[in-house]
Amino acid sequence: MNITCGLKLLSRNCVFFHLASFTKQGKCNNLYRNFISKGQRCLLNDSKIEVYKNAHHSLGRFCFQSSQTLVEKTTSFQIRSAGQLPHCCSAWNIQTLRCFHTSPSFQAAPVPLFWIIVKPAQKLFAILLGRSIRNWWKALPPNKQELWKESARKNKWKILLGVSSLGVVFVMFYFTHLEETPITGRPRLLVFGKEHFRELSEMEYNMWMEELQGKMLPETDVRYQVVETVLGHLSESNKDIPQISALKWVIHVVDEPDINAFVLPNGQVFVFTGLLNAVSDIHQLSFILGHEIAHAVLEHAVKKASLVHFLDFLSLIFLTLIWAVCPRDSLAVVGQWIQSKLKEFMFDRPYSRTLEAEADKVGLQFAAKACVDVRASSVFWQQMELAEAIQGQPKLPEWLSTHPSHENRAEHLDRLIPEALKIRESCNCPSLSGPDPRLIFKLNMQHLLESSKDQETPNSTKQDLSKSKVDFPHT
């Protein structure tokens, strides 16, 4: 966070090295606008197909090559000797690379201001109630304790009926607050009002602007212009979706090395320069922004906040029982911690991974309608996996994360790509020319592994690279 990424990154980064020169020729701003023909939502006319091809050849250079021109034949690649990172890896700025998250930790599930105050009070009340029940029980004489136990045994069916009734109330509350998710049609739990949530989005936006003050790139910066044109083309190509056309998308490019991007529910888009340095071409950037737009369109922040609120309220019952049953406060604290972790790993994080997978699917559809090379989407996550392997970062189990693993995301996208290619075809997009970027990545990885075996490299690097999955399906 404290490392400053200067303009020197432009000369080392594959995509923005080409984008800078392309913009200087006055073509960047009109690149995507030329994609859209009059009277057709995502149709490319013949006169503009050549513009797309030129842009594809100029911007679609794959990063795992030397700084020289890409060899025309896909079977021969210029790979730097082992002991040196490929050209794109230097652009990734390996020393400052961080795990890519598509939403900040405290942005994924904002809650209404009222519950920010009420929730701690509810938890404190549950703790005090449970502790009071425990102390009351300890103060009872043994004979009265036996009377209470005997009464409970005699009325066990009444107690069971009361507990079941309470469970029915929760189930009815859940099903009466279900709505249909836009686009996917999947049922979702909504507890909070959308208007109130938009107001809170404005509050959160002001907080982010205050935190990132002085780090925003000006509109004249080439990186800002690239994000603007890509996002503008995505929104224009998908303007038939009411949730996209209704929002006013505002771009903020943050000069920070974090590989991060997120969109607030009110359409405020934040893209970090670390992400711009990590993508290999404009197609990968289009997919990432499509993924972020999908989060806003599908209202994932509202869904996550609703589920968290519902589970928190339900857990108050178990919290009371924990403090009532545990004989000492220290044991109750441990039981409360175990309960919170079980809720987190059994409900919160799996649900977050489900939302990420849904955003990947819908974001890929958005990119396909914008005539993007959707095959590059899975390559991005393979690049991220490779970068972490080169760094020697430990590979944590997926269940410990709020996001799917890079490997699983790539595999999931590979399964979705055939459907996305059909969407491109239905939009009369130009045929994809050149080799499959997944095949290029696979061949480059094979050359990298072969060259690493012939050179003296640290054992840890060899082991990490050998574990990286490089077997991509290709067309």
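Of the residues in the range 373-403, how many are surrounded by fewer than 23 Cβ atoms within 10 Å (Cβ to Cβ), part of a loop (DSSP other than H, G, I, E, B) and aliphatic (A, V, I, L, M)? Within the range 373-403, residues that are surrounded by fewer than 23 Cβ atoms within 10 Å (Cβ to Cβ), part of a loop (DSSP other than H, G, I, E, B) and aliphatic (A, V, I, L, M) number 1.
Only one of the numbered conditions (1) at negative phi; (2) open to solvent by less than 100 Å² (accessible area, probe 1.4 Å) is violated by Lys138, and that is (2).
Residues in the range 310-344 that are open to solvent by 60 Å² or more (accessible area, probe 1.4 Å) and either within 27 Å of the chain's Cα centre (by Cα) or of a type in the set (A, V, I, L, M, F, W, C) (or both): Phe313, Ile317, Phe318, Leu321, Val325, Leu331, Val333, Val334, Trp337, Ile338, Lys341, Leu342.
Each residue in the range 258-274 was checked for being open to solvent by 10 Å² or more (accessible area, probe 1.4 Å) and more than 18 Å from Tyr205 (Cα to Cα), and 1 pass.
Name, by its number, the condition in (1) crowded, with 19+ Cβ neighbours inside 10 Å; (2) assigned to a helix (DSSP H, G or I); (3) touching a His at 6+ places or on another chain (Cβ under 7 Å); (4) of a type outside the set (Lys, Arg) that does not hold for Ala357. Evaluating Ala357 over (1) crowded, with 19+ Cβ neighbours inside 10 Å; (2) assigned to a helix (DSSP H, G or I); (3) touching a His at 6+ places or on another chain (Cβ under 7 Å); (4) of a type outside the set (Lys, Arg) leaves (1) as the failure.
Can you find, within the range 161-199, the residue that is least open to solvent (accessible area, probe 1.4 Å) among those that are acidic (Asp, Glu) and in a strand (DSSP E or B)? Before you say what the answer is, go through the steps one by one.
Let us first name the residues in the range 161-199 that are acidic (Asp, Glu), namely 179-180, 195, 199.
Of the ones still in play, those that are also in a strand (DSSP E or B) are 179-180.
Values: Glu179: 85, Glu180: 134 Å².
For the range 161-199, the residue satisfying everything is Glu179.
The set of residues in the range 415-455 that are open to solvent by 70 Å² or more (accessible area, probe 1.4 Å) and among the small types (Gly, Ala, Ser) comprises Ser426, Ser431. If the condition is being open to solvent by 20 Å² or more (accessible area, probe 1.4 Å) and not hydrophobic (A, V, I, L, M, F, W, C), then the range 232-251 contributes Gly232, Ser235, Glu236, Lys239, Asp240, Pro242, Gln243, Ser245, Lys248.
Annotation note: Cβ proximity below 8 Å between a residue of the range 440-459 that is at pLDDT 75 or above and a residue that is surrounded by fewer than 15 Cβ atoms within 10 Å (Cβ to Cβ) and not hydroxyl-bearing (Ser, Thr, Tyr) (sequence gap 6+ or interchain) occurs for Lys442/Asp471.
Quick grid of which residues meet (1) within 34 Å of the chain's Cα centre (by Cα); (2) of a type in the set (D, E, K, R); (3) closer than 30 Å to Val362 by Cβ:
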site	(1), (2), (3)
Lys138	no, yes, no
Pro142	no, no, no
Glu146	no, yes, no
Ile159	no, no, no
Leu166	no, no, no
Tyr174	yes, no, yes
His177	yes, no, yes
Thr181	yes, no, yes
Gly185	yes, no, yes
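Taken together, the residues in the range 372-405 that are free of Cβ contacts under 8 Å to residues at least 40 places away in the same chain and within 23 Å of Val230 (Cβ to Cβ) amount to 1.
Restricting attention to the range 207-231, which residues are among the charged types (D, E, K, R), in a loop (DSSP other than H, G, I, E, B) and open to solvent by 60 Å² or more (accessible area, probe 1.4 Å)?
Lys215, Glu219
Right, Glu411: among the charged types (D, E, K, R), open to solvent by 20 Å² or more (accessible area, probe 1.4 Å), modelled with pLDDT of 90 or more and in a helix (DSSP H, G or I) or not? So Glu411 fits the description; yes. Assuming Lys304 fulfils every condition listed in (1) touching a residue at least 60 places away in the same chain (Cβ under 8 Å); (2) open to solvent by 30 Å² or more (accessible area, probe 1.4 Å) apart from one, which condition is it? Lys304 satisfies all of (1) touching a residue at least 60 places away in the same chain (Cβ under 8 Å); (2) open to solvent by 30 Å² or more (accessible area, probe 1.4 Å) except (2).
The values are calculated or read from the model by the stated rules, or taken from the named source; none is laboratory data. Just so you know, these numbers come straight off a predicted model, no measurement behind them. So basically every Cβ, Gly included, is an ideal-geometry build from the backbone, and we count neighbours across all protein chains shown. The protein model used for the area step is the full one, side chains on, heavy atoms only, and it has no ligands, DNA or RNA in it. Shrake-Rupley method; radii C 1.70, N 1.55, O 1.52, S 1.80 Å.
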